[in-house]
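Asks: Please read through the structure below; I'll follow up with questions.
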Amino acid sequence: MDSRWKDGKPRCAWANLKNPAYIAYHDGEWGVPVHDDRALLEMLILECFQAGLSWECVLNKRAAFRAAFDGFDLDAICSYDQEKIDALLANKGIIRNRLKVQAAVDNARVFRDVQAEFGSFDRYLWGWTDGKVVCETGRTSSPLSDAVSKDLKRRGMKFVGTTMVYSYLQAVGVIYSHDEGCFLHREA
């Protein structure tokens, strides 16, 4: 039994045992395949805000992000004007970085274009692996994240470098990366 964890379940090294929200995210959400476009948009926007910061910082503000971004409703975000962007920049509950806020709005519009082209963002994203989960650990980028990043940038998205895209793919379960020794680890 691992004494670091009250429940005796060993987890990935990055999971902060002092933060119940982080443990819940690790145990119940990270690496679980996501096929709902609203949830895929939410994670894409949150991952973009995480650039240069810790995921824990963003996760701790997740409820405020959901409120500020209208529950990550795509149509609402795509309609944001300068007044709404200014309100987001004044919102102390979220990360108030002008470039990231603008990127969230612009990326949502590209997300909508991808939906129109592929029928859903889910179909686009999971099409990169033919619907299969990729199991790998110990990486921060891969040929897959390189390709997806390059394509999203070509389409006009910002804050979608290969490292961010890799983290996104892990978060939404396209890449399954629980550490060896974690109670959720599995082989390919």
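Asks: For the residue pair L99 and S54, what label-to-label distance in nm results when each label sits 7 Å from Cα along the Cα-to-beta-carbon direction?
Replies: Calculated label separation equals 2.3 nm.
Asks: Assuming a strict under-23 Å limit between Cα atoms, what lysine pair count do you get for the chain once near-sequence pairs (fewer than 8 apart, same chain) are dropped?
Replies: Taking the chain as the scope, the lysine pair count is 17.
Asks: I've got another one for you. Roughly what percent of Cα-Cα pairs across the chain reach past 25 Å?
Replies: Working: 6205 of 17578 pairs.
Summing the P(r) tail past 25 Å for the chain gives 35 percent.
Asks: Let me ask something else about it. Hey, got the dipole for the chain? About the Cα centre, +1 on K and R Cβ, -1 on D and E Cβ, debye to the nearest 20? Write down the numbers at each step before the final one.
Replies: Values: 25 positive and 26 negative charges, 113 e Å.
The calculation lands at about 540 debye.
Asks: While we're looking at this one, here's another question. Could you give the distance between the Cα centres of the stretch 20-86 and the stretch 87-117, to the whole Å?
Replies: One Cα centre to the other: 10 Å.
Asks: Something else now. Could you sort 164-170, 101-107 so that the peptide with the highest average Cβ count within 10 Å comes first and the rest follow in order? Walk me through the numbers on the way to the answer.
Replies: On the way: 164-170: 23.9, 101-107: 20.9.
Final packing ranking: 164-170, 101-107.
Asks: Over the chain, what is the mean sequence separation of C-alpha contacts under 8 Å (at least six apart), divided by residue count, expressed as relative contact order in percent? Mind dumping the intermediate values first?
Replies: Numbers: 222 pairs, mean separation 57.6, N = 188.
The value is 31 percent.
Asks: From the residues A63, G28, A108, which one has its Cα farthest along the dipole of the chain in the positive direction, the dipole being from +1 and -1 charges on Cβ of Lys/Arg and Asp/Glu about the Cα centre?
Replies: The residue sitting most towards the positive pole is A63.
Asks: Please determine, in degrees from 0 to 90 and to the nearest 10, the orientation of helix 37-50 with respect to the longest principal axis defined by the Cα atoms of the chain, where the helix direction is its Cα long axis.
Replies: It is inclined by approximately 80 degrees.
Asks: Which order do the peptides 152-161, 7-16, 21-30, 37-46 come out in when sorted by mean C-beta neighbours inside 10 angstrom, highest first? Mind showing how you got there, number by number?
Replies: Values: 152-161: 17.9, 7-16: 14.6, 21-30: 16.4, 37-46: 20.2.
Highest to lowest by the protection proxy: 37-46, 152-161, 21-30, 7-16.
Every read-out reported here was derived from the displayed coordinates using simple, explicitly stated rules and does not represent laboratory data. A quick note: this is a predicted structure, and the numbers were derived from the prediction, not measured. Please note: Cβ atoms are built from the backbone with ideal geometry, for glycine as well, and neighbour counts cover all protein chains shown.
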